[in-house]
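All remarks here apply to the structure that follows.
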Amino acid sequence: MINIRVLVLLVLCFLFMTPSYIIANEKPLKIVTEYLKPYQIKNEDGSLGGYGTDIVQALLTLTNKKADIAVLPWARTYRMALNEPNVLIFSIARTPHRENLFQWIGTIKSHQIYM
């Protein structure tokens, strides 16, 4: 489980280290995901919920950013994150193959997968 104090510290460090001209010329952020219980779920009212969604919403609040989260099929979200600028995808497995394809922010949860 992610330690919220570490997350807040990382976000604050990023904000203070980012030159103001970069923030002023910042491009809009696109956030994409899929439904993946318990991280991203569809609430009874149709809104997006879940543990991963709560973390992303907290990051947006901490950084004073506004962005809509689009729920799309996995293949489309992955393609967007690979090929378009300013796309944040969550949640995604951090594999050796993907390690250098993305800029990783943090871990939501670690899993050991066995066959």
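Here 66, 37 are screened, and the one residue that is surrounded by fewer than 15 Cβ atoms within 10 Å (Cβ to Cβ) and either within 11 Å of the chain's Cα centre (by Cα) or under 24 Å from residue 110 (Cβ atoms) (or both) is 37. Looking only at segment 1-53, residues that are modelled with pLDDT of 90 or more and farther than 23 Å from residue 75 by Cα come to 2 in all. Residue 84 passes every criterion in (1) within 21 Å of residue 99 (Cβ to Cβ); (2) surrounded by fewer than 16 Cβ atoms within 10 Å (Cβ to Cβ); (3) modelled with pLDDT under 90 apart from (3).
The values are calculated or read from the model by the stated rules, or taken from the named source; none is laboratory data. Bear in mind that the values here come from a model prediction, so they are computed numbers and not experimental data. Neighbour counts are summed over all protein chains in view; Cβ atoms, including those assigned to glycine, are modelled from backbone coordinates with ideal geometry.
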